[in-house]
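Trainee: Here's a structure for you.
The values are calculated or read from the model by the stated rules, or taken from the named source; none is laboratory data. The structure displayed is predicted, hence computed values, not measured ones. Note that each Cβ is placed from the backbone with ideal geometry, even for glycine, and that neighbours are counted across all protein chains shown. Side chains included, ligands, DNA and RNA excluded: accessible areas come from the protein's heavy atoms. Shrake-Rupley method; radii C 1.70, N 1.55, O 1.52, S 1.80 Å.
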Amino acid sequence: MPSSLLFAINNEGRVFGLSTSRTKWREFVYLGLEFKHLSAVPHFMWAVGGDRQIYVHVHGLDIPIRIKEEAYENERWLPLEGFSGRLLPTDRFHYSSQDGSHDRSLDKIRLPSMAWQWEGDWHLETTLDGQPLDHDGWTYAVDFPATFHPKKQWKSCVRRRKWIRYRRYSALNSWCAIAPLHKDPTQEPFIGVAVGGQCVPGGNPSNLLVWAITAHGRVMFRTGVSTTAPEGLRWTSITVPPGCEVNQISIGPTGLVWAVLWNGRALVRAGVTRENPTGEFWLEVGAPEDLKLAHVSVGTNAVWAVTRDQRVWFRKGVRGESAGISEELARGSGWVEMVGSMAVVSVAANDQVFAVGSDDRCLYFRTGVLPSDLTGKKWRAINVPTQLSRAGSNASLWSANYRNSVSGGTPREKRVRSWSSLARNSCSGDAQNLIQDWEETSRSAPTPTSLRLQPAVWQRNSDGASLNIPRPSCSEDSVSESSGAGQLEKRFDEDTQSSQSSNEMINTSTLIQEHSEGAVTEIQPVFVVGKGGEVKKNPTVWSPIRSVGSIVGMEAHPESDGSVFDPVSGDSGVFGEEEDTEVIYWADGDMAWCMVEAGACTVDPLYPPNWFIEAHVVPEVELFKPWRVKILQELKKRLPEERSSFEKYEKAIEMSSWVKSGKAWCQLKNSNHQFEDCMLELEWVGSDRGRLDSGTLSVLSLDKKHTKMQFSLSEITCVVCCSEPSKPRIAIHTPKLTKDFSPIKLQFIGETDMEDWMANLTSVCCQMFGVHGSPSPGAIWITTGLGDVFVFDPAVLEVSQLSGEMYTQELDVAGKETPYDAHLHNGFPPGTILTVQGCVTDDCNRFSINLQCPSISQRHKNETDIMLHFNPRFMEAVIVRNSMLCGEWGTEEKEGEMVFKQGTEFTIDIYCQDDCFKICVDGNLYTYYVHRQKPHNITHVGINGGVSLNKVIYQSKMVIIPPPDMFWRQMGGHLRKVETCSAGVTWGIGYDNTAWVYTGGWGGSFLKGLETSSSGINPMTDTHSYYVYENQRWNPLTGYTSHGLPTDRYMWSDVTGRHKRTREKTKLLSMHWQWVSDWSIDYHTPGGVDKEGWQYAIDFPATYHGQKHFTDYVRRRRWVRKAQLSTSGPWQELGNTKLVDISLQVSNKDDIDSLVDVWAVAANGDVVYRRGVSSSCPSGTSWEHVPSDHTLASISCGADKQVWAVGRNGSAYWRFGITTSNHIGEVWVTVEPPTGKTLKQISVGCCAVWGLDSSGQLSVRREVTPVFPEGTHWQTIPTTASDMGNHDKSSSSGKSSQNNAVGFRHVSAGPVQGEIWAITATGVVCRRHGVTPDNPAGTGWTHGIGGNWQYASARGCNIKPLESSCC
């Protein structure tokens, strides 16, 4: 679960945050303004300041808020003028929106407030639907409106081009003042604010609902608030019933609004839906037991309240997801009193409850709150240290200068004093220095709406400048705590010192005016006094609120305020300095809290944060006392003597055997997919050293009298879950036992039995193959359609195959006759050896050994070329050597005598050298055969004729990886995709787009505790959406109805319409999944929907659209329900940024702990780069945003600083300007996609770029070189049904609809030549063979097992061929 923040306000009005991943309260940067009330959702806080005005705070965003402004320039062709901006009266505006209905003149598009900043100037967009346009960006059409095309035609009468410009929200990590209701803010101050509504059923998750109340009892609603528009647009008054005055309000994540009246009763807003976010009317709810309510807090399905006598109450019967359509579910059914006396309660989005004690003012957490028990068990105090100050602030300065002079007193009396009292007590010349230091280090100031700005003095030091503004005076008894000691994003290196002053001064006289509706602040110009005394007007533009806390409305100076003009250099943290920079003062539990806010906090009740562990003082143990040391020394002497006395005895047990048996249903190979009752017996034999020596799995009849199947555990290459709802199943792959690679499927009575058997099989198979723990950096990672993570480690093969200086594989010839064909998985480059041992039959006329490869001629693409044809002919007494290229035989070579005899054994050794084949017979050199084509293309060996084979041995200079025999080990966790690199750093992305980093462990919930080590195993959660489609056909009499034609699809179906699906019969996959929502209409279905969620089309199936046309006879709408998985695995969650794609590449291969380049695409299509990633720090330090004018969907980085990406429009992009000093490059360059194709994924290899289009077809970008890194053209790889393999396509998915699928799901290009891996549309893993520098597209595929694989990453597979140089 992502780390989140719990917020609280202490009795001094300071805001603190407590992260779920930390154990200390940290104070937010102090602005000289206290806060009275606070409400929050993730990354967004709304608060009421001490001046009774509203402020918003945006924090913790790794990706900046950027908005793309668009304007279309329209022109019409006129007979005499050509294309002109003079349009017809009926035409659209010259500069308009996309549909032409709104005027979008460039000079009229302005920033919404000073919190925004332009990124560059207006420029043209030069792509249309992924295809590049001319440099002027014009697109042409017959008339307005019409479909525009990139090429001008004779009938093109109008044209348009799109101008774009980005604006950025620059007030991140700062408090931004919201315009008051009136010019005089004191005329109607605010007393409360509430933000929520991020999960309104069917609504846009980026929209937020903000409600507020004024001192006059009015209820206000802020329109236009979203995650991309944090300030919103304007305040709208919401009418309340006559005689009702509201004093407190709360909104839940589903939009449910409760308000407390001054008379102690409550109001509930009914009818809050996605179409009507403000609701329709109010419902009045009485207080419990005729008491008076004082405070209320709303969650998803829970409402908690506190009465004026400090009693806590729970409102039962509330259901937030249905509250918008049901009054009863909005108001609940009754009050239930809870134990405890609290002043304030706050309910989180997942209904977890926090409170402030009424007597001790401590914070409490309600334990045991579950969806089945929303009231919980008991209150538990949150006991963590609280930061009091930070070094460099006014408080820490006082502590450093005066702590030795303060004697006695309680910890509360020893707290730091306010700045005003500190200034009054300063002696001699220290006061001015303290003020200057405070200004330099705090980097913050009050807002103009909270105090009158007076002429200020800008004192500039050698390292920077600060703006000194008088603070409001405070009483001597007031206590001030400095800004916080942490950060959310980047560390701000604060080096400014007050050792010297400057002669430069800036005198400002400001006058602030704010309007009631979205007004901006007007301020008199700032004048700069130079060294020569001349006065110069500041030529800069209005500054946004600086992330270090500048005043709203003050102008930014280009010399002193570089962080405004260079956002990268600015402080992005919301707290103060890090703990290790200076001395930090902490207090244990003596803070008095007045408010807690949990709207942004997500706590898993099963894995609560470490906030509740009491600090115990461990007494010092006398470990080094002489008497203790003497005893330990005597015990050490006795151990060798006792051990030696048992050496003469015989071992009681040398070998041990275990047997596990159970009942199941088995689908054996070639059993027509029928499951039979059977008994299973798993037996393994181990030695006294704990090593597994052998094991077998037997499938028996129920009476155990007949053995249906029995095989060694060494035959198993993968054990994978293939469960379906209510059908717990596993698939056991043993490809050596069958030709079609179909697995053995076992179905169990319950999920517990299935998981137990899977854990035992996985454990014993891993022991059999000697794999455990973290895989090597060169491992290949893969995920299944069910989210399971597997890995293949070539290091195991390397140990078993290495023989001298060669890697050896003995090809399987047992029981096989000629013609014999075998795959040479590493090809036959120079240095490779093939040994054939056999016996010539007595009646043999001739036999041949052929080293062959697919034909490189397009005319003979289905034929095979033979690079070496070694053909002894007994009738002619000659041995012929020849080659067949492009379907034609070459000149035969017959020199040499016949060295073979009928009925005798032979040994043939074929050595591949740089220029020829060296052939030896029975250990003696026979001949040389000069290459007629490069031997790198050889992929197979074929043996024909009258011989019986004894051995065929294949030797290579690199590890031989046969895809069918690869052992896939389950690692643990639940992820949608995994990416790795040659440094061993591995990242993953869940189905909810959460990023995870591999910790180096192995195990999790799937091993059921059989793995002894739990190092690096963490809890994991993932969310998946289930979809059901409701289909209807139009009837002339009744309109749209659920009674379709006999040939129609099911009226409730999946997306294909071939399978019946209903909401009632949709079940979860396993007991680890839990529903977290009800069924609801999905208003975000691709293609658009109408207000009821319907999509329309002419017929089934067809292209669907959101608006009904006259010819539409069918319609459908999608229902969605979310489920959450709780599991564990060797993965650590990484931040809150949601990602859709990632790519990793080692920056410098020569460094032992080299930095790793991590590029990622965020959920909103922006590109980010992760800083500080290495083998020793796989999580990195921070994200850096990479600007882009395009919305991206896939990204891949490779050698030589290559970074490619795919946009959502299907076009490809290449990053230009990446160097050692500029690791994020300069600009994205558009690369046209393959003709007529729409790309969806890309992978950068050693010397080629592979792309996958939306139809599942692969293409290769040819001639990609360091000189021409964008390549020259695309080569499309033909895809046939044979490329999908002859596997059981439904082996693990249970979806027969995919059996006839042709194409690929995913492709991954490794960092070395020849490592191209892909997943077919049927879920089969395969490796591209025949990949050479001259032919980077390869010649064919070698298939592995079909485990319903979904995503593979060979980015770390650095198995280098003999010619290790990558082109």
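Trainee: Does residue 837 satisfy the criteria of being touching a residue at least 12 places away in the same chain (Cβ under 8 Å), crowded, with 20+ Cβ neighbours inside 10 Å and not aromatic (Phe, Trp, Tyr)?
Mentor: Criteria not met by residue 837.
Trainee: Is there any pair linking a residue in the stretch 951-974 that is in a loop (DSSP other than H, G, I, E, B) to one that is of a type in the set (Asp, Glu) and surrounded by fewer than 23 Cβ atoms within 10 Å (Cβ to Cβ), with Cβ under 6 Å and at least six apart or on different chains, and which?
Mentor: 959/798; 974/1022
Trainee: Just wondering, is there one or more residues in the stretch 853-866 that are surrounded by 18 or more Cβ atoms within 10 Å (Cβ to Cβ), closer than 24 Å to residue 1331 by Cβ, within 51 Å of the chain's Cα centre (by Cα) and at pLDDT 90 or above?
Mentor: Yes - at least one qualifying residue is present in the stretch 853-866.
Trainee: Quick check on the stretch 316-336: of everything there that is buried (at least 17 other Cβ atoms within 10 Å of the Cβ) and not in a loop (DSSP other than H, G, I, E, B), which residue is farthest from the chain's Cα centre (by Cα)?
Mentor: Residue satisfying both the conditions and the ranking: 335.
Trainee: Just the residues that are modelled with pLDDT of 90 or more and either among the hydroxyl-bearing types (Ser, Thr, Tyr) or assigned to a loop (DSSP other than H, G, I, E, B) (or both), please, taken from the stretch 1138-1163.
Mentor: Once the filter is applied, which keeps residues that are modelled with pLDDT of 90 or more and either among the hydroxyl-bearing types (Ser, Thr, Tyr) or assigned to a loop (DSSP other than H, G, I, E, B) (or both), the stretch 1138-1163 yields 1143, 1163.
Trainee: Residue check: is residue 1196 part of a strand (DSSP E or B), in contact with a helix residue (DSSP H, G or I) (Cβ under 7 Å, 6 or more places away or on another chain) and not aromatic (Phe, Trp, Tyr)?
Mentor: no
Trainee: Do we have residue 236 as closer than 20 Å to residue 208 by Cβ, more than 31 Å from the chain's Cα centre (by Cα) and open to solvent by 20 Å² or more (accessible area, probe 1.4 Å) here?
Mentor: The answer is yes for residue 236.
Trainee: Identify the residue in the stretch 647-665 that is at pLDDT below 75 and assigned to a strand (DSSP E or B) and, among all such residues, is nearest to residue 696 (Cα to Cα).
Mentor: The selected residue is 656.
Trainee: Only one residue in 193, 158 is under 30 Å from residue 1083 (Cβ atoms) and either of a type in the set (D, E, K, R) or touching a strand residue (DSSP E or B) at 6+ places or on another chain (Cβ under 6 Å) (or both), so which one is that?
Mentor: Selected residue: 193, the only one of 193, 158 that is under 30 Å from residue 1083 (Cβ atoms) and either of a type in the set (D, E, K, R) or touching a strand residue (DSSP E or B) at 6+ places or on another chain (Cβ under 6 Å) (or both).
Trainee: Still on this structure, I have one more. Name the pairs: first residue in the stretch 289-303 and within 11 Å of residue 264 (Cβ to Cβ) and touching a residue at least 24 places away in the same chain (Cβ under 8 Å), second residue in a strand (DSSP E or B) and open to solvent by 30 Å² or more (accessible area, probe 1.4 Å), Cβ to Cβ under 9 Å, at least 6 apart or on different chains?
Mentor: What qualifies is 291/311; 294/247.
Trainee: Would you call residue 1226 touching a Gly at 6+ places or on another chain (Cβ under 6 Å), over 17 Å from residue 1277 (Cβ atoms) and surrounded by fewer than 19 Cβ atoms within 10 Å (Cβ to Cβ)?
Mentor: Against the criterion (touching a Gly at 6+ places or on another chain (Cβ under 6 Å), over 17 Å from residue 1277 (Cβ atoms) and surrounded by fewer than 19 Cβ atoms within 10 Å (Cβ to Cβ)), residue 1226 qualifies.
Trainee: So which of 737, 682 ends up being open to solvent by less than 10 Å² (accessible area, probe 1.4 Å), more than 33 Å from the chain's Cα centre (by Cα) and not small (Gly, Ala, Ser)?
Mentor: 682
Trainee: Among the residues that make up the stretch 945-954, is at least one of them aromatic (Phe, Trp, Tyr) and under 26 Å from residue 1245 (Cα atoms)?
Mentor: no
Trainee: Counting only residues that are in contact (Cβ under 8 Å) with a residue 40 or more places away in the chain and among the small types (Gly, Ala, Ser), which one in the stretch 882-930 is surrounded by the fewest Cβ atoms within 10 Å (Cβ to Cβ)?
Mentor: Among residues in the stretch 882-930 that are in contact (Cβ under 8 Å) with a residue 40 or more places away in the chain and among the small types (Gly, Ala, Ser), the one surrounded by the fewest Cβ atoms within 10 Å (Cβ to Cβ) is 903.
Trainee: Among the residues of the stretch 1097-1137, write down those that are in a strand (DSSP E or B) and more than 24 Å from residue 1055 (Cα to Cα).
Mentor: Within the stretch 1097-1137, 1126, 1127, 1128, 1129, 1131, 1132, 1133, 1134, 1135, 1136, 1137 meet the criteria.
Trainee: Restricting attention to the stretch 1308-1363, and to residues there that are among the basic types (Lys, Arg) and assigned to a strand (DSSP E or B), which single residue is surrounded by the most Cβ atoms within 10 Å (Cβ to Cβ)?
Mentor: 1327
Trainee: Which numbered condition trips up residue 764, out of (1) among the β-branched types (Val, Ile, Thr); (2) at pLDDT 90 or above; (3) surrounded by 18 or more Cβ atoms within 10 Å (Cβ to Cβ); (4) more than 30 Å from residue 1124 (Cβ to Cβ)?
Mentor: (2)
Trainee: Does at least one position in the stretch 1084-1095 carry a residue that is within 30 Å of residue 753 (Cα to Cα), open to solvent by 40 Å² or more (accessible area, probe 1.4 Å) and outside any strand (DSSP E or B)?
Mentor: No: zero hits.
Trainee: Would you pick out the residues in the stretch 925-950 that are assigned to a loop (DSSP other than H, G, I, E, B) and either over 47 Å from the mean Cα position of the chain (by Cα) or more than 21 Å from residue 830 (Cβ to Cβ) (or both)?
Mentor: Within the stretch 925-950, 931, 932, 946 qualify.
Trainee: Report, by residue number, each residue of the stretch 1243-1260 that is in a strand (DSSP E or B) and either under 21 Å from residue 1357 (Cα atoms) or aliphatic (A, V, I, L, M) (or both).
Mentor: 1243, 1244, 1249, 1250, 1251, 1252, 1258, 1260
Trainee: Further question: Considering only residues that are open to solvent by less than 20 Å² (accessible area, probe 1.4 Å), β-branched (Val, Ile, Thr) and within 19 Å of residue 43 (Cα to Cα), which ones fall in the stretch 216-233?
Mentor: 225, the sole residue that qualifies.
Trainee: Counting just the residues of the stretch 113-127 that are small (Gly, Ala, Ser) and part of a loop (DSSP other than H, G, I, E, B), which one comes out farthest from the chain's Cα centre (by Cα)?
Mentor: Among those that are small (Gly, Ala, Ser) and part of a loop (DSSP other than H, G, I, E, B), it is 113.
Trainee: I need a count of the residues in the stretch 1013-1049 that are of a type in the set (A, V, I, L, M, F, W, C) and in contact with a Gly (Cβ under 7 Å, 6 or more places away or on another chain).
Mentor: Qualifying residue count for the region: 2.
Trainee: Among the residues of the stretch 1256-1270, count how many are farther than 28 Å from residue 1302 by Cα, free of Cβ contacts under 8 Å to residues at least 60 places away in the same chain and surrounded by 14 or more Cβ atoms within 10 Å (Cβ to Cβ).
Mentor: Count: 1.
Trainee: Which of the strands (runs of 3 or more DSSP E) contained wholly in the stretch 128-215 include at least 1 residues that are among the charged types (D, E, K, R) and under 30 Å from residue 320 (Cα atoms)?
Mentor: Output list is empty.
Trainee: Ok, one more. If I ask for residues that are assigned to a strand (DSSP E or B) and polar (S, T, N, Q), which ones from the stretch 864-897 would you list?
Mentor: Passing the criteria: 864, 871, 882, 883.
Trainee: Could you give every pair whose Cβ atoms fall below 8 Å, whose first residue belongs to the stretch 591-610 and is over 19 Å from residue 367 (Cβ atoms), and whose second residue is aliphatic (A, V, I, L, M) and open to solvent by 30 Å² or more (accessible area, probe 1.4 Å), counting only separations of at least 6 or pairs across chains?
Mentor: Sorted first by the residue in the stretch 591-610, then by its partner, the pairs are 599/349.
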